[in-house]
Amino acid sequence: MSQSPNDASGREATSLRDILCGSLSAADIGRKVELCGWVARRREHGEHLAFVDLRDYSGIVQCVIDGAHDVRSEYVLRVSGTVRARPEGTINDRLSTGAIEVGDCEIEVLASAEPPPFGLDDRTEVDEQIRLRNRFLDLRRPRLQKNLRVRARVNRAIRSAMDDQGFVEVETPILWAPTPEGAREFAVPSRLHHGSFYVLPQSPQLAKQLLMVGGIDRYYQIARCMRDEDLRADRQFEFTQLDLEASFVTQDDIVGFATRAVQDAAEAATGERPGQMATMTWRESMDRFGTDKPDLRLDGELIDLSATFGNSEVKAFAAPIVKALVIPGGATTTRSQLDTWTDRAKSMGAGGLAWFRVTREEGVLGFDSPLDRFLSDQERSAMLEITSASEGDLVLCVADEWRVAVDVLGTLRSQILSLPVGDGPACYVWITEFPLFDGLDAEGKPQAAHHPFTMPLEEDLDLFETDPLAVRSQAYDLVLNGWELGSGSVRIHRADIQRKVFRALGVTDQEAEERFGFLLNAFRYGAPPHAGFAFGIDRLVAIFCGEENIREVIAFPKTQSGTDLMTGAPARIAPSALNDLGLRPFPVES
RNA sequence: GGACCUGUGGUGCAGUCUGGAGUGCACGCCGCCCUGUCAAGGCGGAGGUCGCGAGUUCAAAUCUCGUCAGGUCCGCCA
């Protein structure tokens, strides 16, 4: 418990206390101490004896009170007493301070307290709604105490890693200009310029590129980002990322900088330092795992059956690509579950989902499947051989265009085989060579997959005219156990290539000028080649803490509908304040 | 915008499918007893708009519809 650098180390002494409850041990026997903390629990034995478990963030110690007193749960106490060994037979092995107690106690009640609405130990599961409404009490509990301290260690390790690597911490504005691109922005009305707005940054993207033009060379920031999009277990309106950018570098340099930061953070949080991280191209990841954020802890990859079924008589397999996924032990899957998966496949654009329960009859492997009777003996044995499926397994197949087939099976793979994110080994993987464009919009124009300043792979520049969707980019993601931690790219610093990309995106010169004029203008005055990266600290810390939900590593998170149950935000503001801002609300329907 | 799950004394649950008196369990709270407990123990007690609103019914925590809140997910998140 006390191995954390933030825990007791001598720095915790104040004018009111000189040591932390949880840091006392047999070595302190005979020592006079002054402690401050909350009453975690009390055991009354009449007016002559009471035991009070005093709690601070470091832990709990038993204080013995002889004589009159009135202390209750969560009272805030200052206790002066002497550390002594517990009498024989009363040692508590379940407590780190269980060999000692504080005797001859003098109690000062610093604050009384009403009974808390829920128990503050870690034994009781409490509904999250009630925890959020009383977050200040929830914070007192060991879970959040631990998570927030892990988070602080991660932040410190990251700052130190970036500093070691020559990065300069620069703060960028929270009040920024609207630059409509990806996520919906939070707007802040201007008091001095009625009708005009600042926006809160979705990320410091443009600011950090300007810092590169400004010769900062290596920038980083533990930056708050705001996106007005629907919330999820791994997404809040506001989140924190390590944001970095460097000049005169390649992708490999950036990957190295970020890897070092993550390694140091992991070591600080968990004590285990990740080794070298795997790298695979986006194409390979999609082909093998059907996703650009593969969970490498999970067994099984997508298997290509196209060669076997390319000329199949089976109608269901009449497609350019046939992909398969083996679910070990999945033969017991119910028909209704299979129907649910089939619906999911159809909703993703597939014609259907073929399934084969692997059975054994008289020593021979075969299939229980509606499609089995359409298979030739050759196809049946080929499928068994290529998939290596054995009795009791389930084989799922999708025949379609490559992208649809891998998407569907990749989704099912991560859904069916999923593990809690903190379980097992930490599997980091860098995904590289993302497509520059991600499909076409309604008007048939390519969409930027990352952002429009992402540098294409040099060797793909010729494809712009012939096959823009095939153009790969110098963009890269870092993935941990199926969670996307962050992404980055080499930026375009040459005006001719930027024009090419804007033209492909259908962005006119005028639009580019309106949206990013200040950046393009800056680039006219000598932009160094630069590249950067950003990864989500909330997600990283959540995984380190074994939490499935980033709310567990945020002091004051919002609900899925974006409200704060403790403060009541968002809330109306006074009409006079609206006037100042030049705003008039729509009438609220009753 | 959509799908699904949850809502019962302060807390966590059971009861809901199969309607029959606010019934039960554990924790907490209050009072009394208790000098070695540690999730203390014993005795006694208080505490409820079964989220809210309609409907069906002789009768609704329970069935139906609507609604609110929380959660998980799809869409969304360059």
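Any idea which of A:Ser160, A:Ser80, A:Ser73, A:Ser96 is within 16 Å of RNA strand B (Cβ to nearest atom), touching a residue at least 12 places away in the same chain (Cβ under 8 Å) and either in a helix (DSSP H, G or I) or open to solvent by less than 60 Å² (accessible area, probe 1.4 Å) (or both)? I'd like the intermediate steps shown before the answer.
On the way: A:Ser160 fails: within 16 Å of RNA strand B (Cβ to nearest atom); A:Ser80 fails: within 16 Å of RNA strand B (Cβ to nearest atom); A:Ser96 fails: either in a helix (DSSP H, G or I) or open to solvent by less than 60 Å² (accessible area, probe 1.4 Å) (or both).
Among A:Ser160, A:Ser80, A:Ser73, A:Ser96, only A:Ser73 is within 16 Å of RNA strand B (Cβ to nearest atom), touching a residue at least 12 places away in the same chain (Cβ under 8 Å) and either in a helix (DSSP H, G or I) or open to solvent by less than 60 Å² (accessible area, probe 1.4 Å) (or both).
Give the range A:221-250 a look and list any residue that's in contact with a Leu (Cβ under 7 Å, 6 or more places away or on another chain) and open to solvent by 20 Å² or more (accessible area, probe 1.4 Å), or say none. Steps first, answer last, please.
Residues of the range A:221-250 that are in contact with a Leu (Cβ under 7 Å, 6 or more places away or on another chain), as a first pass: A:222, A:226, A:237, A:245.
The answer is A:Ile222, A:Phe237.
Does A:Leu519 satisfy being closer than 26 Å to A:Glu229 by Cα, surrounded by fewer than 21 Cβ atoms within 10 Å (Cβ to Cβ), within 14 Å of RNA strand B (Cβ to nearest atom) and modelled with pLDDT under 95? Talk me through it step by step, then tell me what you get.
Numbers: closer than 26 Å to A:Glu229 by Cα: yes; surrounded by fewer than 21 Cβ atoms within 10 Å (Cβ to Cβ): yes; within 14 Å of RNA strand B (Cβ to nearest atom): yes; modelled with pLDDT under 95: yes.
When the stated conditions are applied, A:Leu519 passes them.
Do any strands (runs of 3 or more DSSP E) lying entirely in the range A:169-263 carry at least 2 residues that are of a type outside the set (D, E, K, R), within 15 Å of RNA strand B (Cβ to nearest atom) and assigned by TED's automatic domain parsing to the domain that holds A:Gly506, and which ones are they? Can you show your working first?
Values: elements: A:187-189, A:197-199, A:218-226, A:238-247.
Answer list for the range A:169-263: A:218-226, A:238-247.
Test A:Thr90 against the criterion of being hydroxyl-bearing (Ser, Thr, Tyr) and open to solvent by less than 40 Å² (accessible area, probe 1.4 Å), and give yes or no.
Working: hydroxyl-bearing (Ser, Thr, Tyr): yes; open to solvent by less than 40 Å² (accessible area, probe 1.4 Å): no.
No: the conditions fail for A:Thr90.
Looking at the range A:42-51, is at least one residue of a type outside the set (Val, Ile, Thr) and closer than 28 Å to A:Val150 by Cα?
In the first step, residues of the range A:42-51 are kept if they are of a type outside the set (Val, Ile, Thr); the result is A:42-51.
From what's left, closer than 28 Å to A:Val150 by Cα: none.
No.
Scan the range A:558-574 and tell me whether some residue there is within 26 Å of A:Asp243 (Cβ to Cβ), basic (Lys, Arg) and open to solvent by less than 60 Å² (accessible area, probe 1.4 Å).
Yes, because at least one residue in the range A:558-574 is within 26 Å of A:Asp243 (Cβ to Cβ), basic (Lys, Arg) and open to solvent by less than 60 Å² (accessible area, probe 1.4 Å).
I want to confirm something. Restricting to the range A:469-502 and keeping residues that are free of Cβ contacts under 8 Å to residues at least 12 places away in the same chain and of a type in the set (Lys, Arg), which single residue is least open to solvent (accessible area, probe 1.4 Å)? Show your work before the answer.
Pass one, the range A:469-502, residues free of Cβ contacts under 8 Å to residues at least 12 places away in the same chain: A:494, A:496, A:499.
Checking which are of a type in the set (Lys, Arg) leaves us with A:494, A:499.
Working: A:Arg494: 102, A:Arg499: 126 Å².
The extreme case among them is A:Arg494.
Taking the condition open to solvent by less than 30 Å² (accessible area, probe 1.4 Å) and out of contact with any Gly (no Cβ under 9 Å at 6 or more places or on another chain), does A:Leu137 pass?
Details: open to solvent by less than 30 Å² (accessible area, probe 1.4 Å): yes; out of contact with any Gly (no Cβ under 9 Å at 6 or more places or on another chain): yes.
Spelling it out, A:Leu137 is indeed open to solvent by less than 30 Å² (accessible area, probe 1.4 Å) and out of contact with any Gly (no Cβ under 9 Å at 6 or more places or on another chain).
Output the residues belonging to the range A:155-179 that are within 17 Å of A:Val553 (Cα to Cα) and touching an Asp or Glu at 6+ places or on another chain (Cβ under 9 Å). If you could, list the steps in order and put the result at the bottom.
From the range A:155-179, those within 17 Å of A:Val553 (Cα to Cα) are A:155-158; that's our starting set.
Of everything in the range A:155-179, those that are within 17 Å of A:Val553 (Cα to Cα) and touching an Asp or Glu at 6+ places or on another chain (Cβ under 9 Å) turn out to be A:Ala157, A:Ile158.
Name the residues in the range A:531-554 that are open to solvent by less than 10 Å² (accessible area, probe 1.4 Å) and not in a strand (DSSP E or B), would you?
Within the range A:531-554, A:Ile537, A:Asp538, A:Leu540, A:Val541, A:Ala542, A:Ile550, A:Val553 qualify.
Considering each residue of the range A:320-350, count those that are small (Gly, Ala, Ser), over 13 Å from A:Val406 (Cα atoms) and either at pLDDT 90 or above or surrounded by 20 or more Cβ atoms within 10 Å (Cβ to Cβ) (or both), and give that number.
Keep residues of the range A:320-350 that are small (Gly, Ala, Ser), which gives A:324, A:329-331, A:336, A:345, A:347, A:349-350.
Then drop every residue that is not over 13 Å from A:Val406 (Cα atoms), which leaves A:329-331, A:336, A:347.
Now drop any that are not either at pLDDT 90 or above or surrounded by 20 or more Cβ atoms within 10 Å (Cβ to Cβ) (or both), which leaves A:329-331.
Matching residues across the range A:320-350 total 3.
Keeping to the range A:21-44, report how many residues are open to solvent by 80 Å² or more (accessible area, probe 1.4 Å) and among the small types (Gly, Ala, Ser).
Residues in the range A:21-44 being open to solvent by 80 Å² or more (accessible area, probe 1.4 Å) and among the small types (Gly, Ala, Ser): 1 in total.
Determine if the range A:291-308 includes at least one residue that is free of Cβ contacts under 8 Å to residues at least 60 places away in the same chain and open to solvent by less than 30 Å² (accessible area, probe 1.4 Å).
yes
Within the range A:61-70, count every residue that is open to solvent by 50 Å² or more (accessible area, probe 1.4 Å) and within 10 Å of RNA strand B (Cβ to nearest atom). Outline the logic, then answer.
Taking the range A:61-70 first, the residues open to solvent by 50 Å² or more (accessible area, probe 1.4 Å) are A:66, A:68-70.
Right, trim to within 10 Å of RNA strand B (Cβ to nearest atom) and you get A:66, A:70.
Total meeting the criteria: 2.
Counting only residues that are more than 19 Å from A:Phe237 (Cβ to Cβ) and outside the structural domain of A:Val249 (by TED's automatic domain parsing), how many does the range A:523-576 have?
Selection size over the range A:523-576: 3.
The values are calculated or read from the model by the stated rules, or taken from the named source; none is laboratory data. Nothing here was measured: the structure is a model prediction, and the numbers come from that model. Every residue, glycine among them, receives a Cβ derived from its backbone with ideal geometry; neighbour counts consider all protein chains shown. Ligands, DNA and RNA are stripped out before the accessible areas are found, and what is left, the full protein with its side chains, is counted by its heavy atoms. Shrake-Rupley method; radii C 1.70, N 1.55, O 1.52, S 1.80 Å.
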